[in-house]
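What follows is one structure encoded as structure tokens, with my remarks underneath.
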Amino acid sequence: MTRVLEVLYGADAAELSAALRRALSNDGPAILPREAGSDRRSSGGEAPLGDPQGDGGATLPTDVPKAVALVVETSGSSGAPKRVALSTDALLASAAAVESELGGPGQWLLALPTHYVAGAQVLVRSIVAGTEPVVHPPGRFSAHTFAALADQLDAPLRFTSLVPAQLARLATVAERDRGIRRSVSRLDSILIGGQALPAALYERAIDLGLRVVRTYGASETAGGCVYDGRPIGQTVARISDGEIELAGPTLAEGYLGDEELTARTFRFDEGVRWYRTADSGSIVDGLLRVTGRVDNVIISGGVKVSLDRVERVVQTLPGFEQAVVVAQTDERWGQSSVVVTDAAVPANALDQVRGAVIDAAGRAAAPVAVHRVERLPRLSSGKPDRVAIARSLQGPAD
């Protein structure tokens, strides 16, 4: 059996929440939220279902399996578009696991785009909890606006979900404004996900009295399913040939219209269905540690270099907390790592980062340049836009 797939362009939180409520109860179509204006025809009209959607000629089916309630579009780390199909059961299992982990149902402050899984899940959790979310206006994140909205939360338990870039803005403002600090401290849990949280930023937030929870997951797991290194709910984590794999009731049905990718990413092992994350990591004393992307590795002078490891080292340096490390072609070494930042850098920036990286990861990993851009490109989710950042390397190095 199937049900209709409805695309919602630029739906506000209230509209999407109502649509999700219908989808979760099987009283309405499955929902695919999109940014306002995305994939529109030049005439301004909506692209009809079944027509090319600007993603390499792939078509969007008019019907989806009956179990599917939400479809989330994501580019992942590769930039190739994917449509993750999430069932009602997976969404509700995720909401129940989060509620149990955080101590019960609460009220949420929504500060993430709702066409991404983390934003949509804030709405799902609110539906399950029977609470009304407070919504940050779309557009640029404001620490002052966020703090004012946090003061509006009136439930016994108060939560939010952010990405590291948003937490960095909050921490910077809260460090000099006690009122902002007091307002944000009212939150019982601040979930941080979407990308690795730099250790220095985590310590800053903790020193401010913010109750930060580091989350790990993906659209394919209906959002965060590992909190501070421990799987939540019925999620199980394991390492297979160095790659993190996850199992449990929150796994997606697969990728809409891409059976080949679904088969490569989700696999059965002794009757258990596992999601292959493409992340590398380890599990020690029950704690999952993510070390980077399996495919985010370059060969520099014949030596394998993990760009994620280089980035973690760079982000420990003052002023480089939000810096991004990407690869560039190197005539001498084949490939090299470079640092890109929108923060002011000292005259000896390159020597500083090279010294830190050499000490931690070896000479082959040392960045060959530090590039400063006026503004670090980011996706609407708050994650760095690594494709755009790599393009910015055409600019001069500082």
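Read the figures in this text as sums done on the coordinates, not as results from a lab. Keep in mind the model is a prediction, meaning the values are calculated, not measured. Note that each Cβ is placed from the backbone with ideal geometry, even for glycine, and that neighbours are counted across all protein chains shown.
Efficiency by 1/(1 + (r/R0)^6): what FRET value for Arg21 and Ala155, r their Cβ-Cβ distance, R0 = 22 Å, to the nearest 0.05? Present the calculation step by step, with values, prior to reporting the outcome.
Numbers: r = 19 Å, r/R0 = 0.85.
For R0 = 22 Å, the calculated efficiency reads 0.70.
Springs between alpha-carbon pairs under 10 angstrom, Gaussian network model over the chain: which of Thr277, Thr145, Thr221 fluctuates most?
Highest fluctuation among the options: Thr145.
Could you give me the ³J(HN,Hα) list for region 244-257, computed from phi with Karplus coefficients 6.51, -1.76, 1.60 and θ = phi - 60°, whole Hz, x at Gly and Pro?
6, 10, 10, 9, x, x, 8, 5, 5, 5, x, 9, 4, x
Taking loop as defined by DSSP and a crowding limit of 14 other beta carbons within 10 Å, which GluC sites (Glu not before Pro) in region 168-247 fit? Don't skip to the end; give the middle numbers.
Values: sites: Glu175, Glu203, Glu220, Glu243, Glu245; in loops: Glu175.
When the GluC sites (Glu not before Pro) of region 168-247 are filtered for loop state and at most 14 Cβ neighbours within 10 Å, Glu175 remain.
Explain nothing, just compute: Karplus ³J(HN,Hα) = 6.51 cos²θ - 1.76 cosθ + 1.60, θ = phi - 60°, for every residue of region 100-111 in order, whole Hz, x for Gly and Pro.
5, 5, 8, x, x, x, x, 9, 10, 9, 8, 10
What do you get for the angle between helix 117-129 and the principal long axis of the chain? Use alpha-carbon atoms, 0 to 90 degrees, nearest ten.
40 degrees
Give me the distance between the Cα centres of region 308-335 and region 1-28, rounded to whole Å.
With region 308-335 and region 1-28 each reduced to a Cα centre, they are spaced 41 Å.
Report, in degrees rounded to the nearest 10, the 0 to 90 angle that the Cα long axis of helix 349-361 makes with the longest principal axis of the chain.
For 349-361 against the chain, the angle is about 80 degrees.
So, in Å, what gap is there between the alpha-carbon centers of region 282-300 and region 107-131?
Measuring centre to centre over Cα atoms gives 29 Å.
Taking the Cα atoms only, what angle lies between the long axis of helix 164-174 and the longest principal axis of the chain, rounded to 10 degrees?
Approximately 80 degrees, to the nearest 10.
Each label point is 7 Å from the Cα along the Cα-to-Cβ direction; what then is the distance between the points at Arg267 and Ala199, in nm?
My value for the distance between the label points is 3.2 nm.
Only Cα pairs within less than 10 Å get springs; with that Gaussian network setup on the chain, which residue of Lys304, Lys66, Lys383 has the largest fluctuation?
Result for the chain, Cα springs under 10 Å: Lys304 fluctuates most.
Using Cα springs under 10 Å in a Gaussian network model of the chain, which residue among Asp269, Asp241, Asp207 shows the largest mean-square fluctuation?
It is Asp269.
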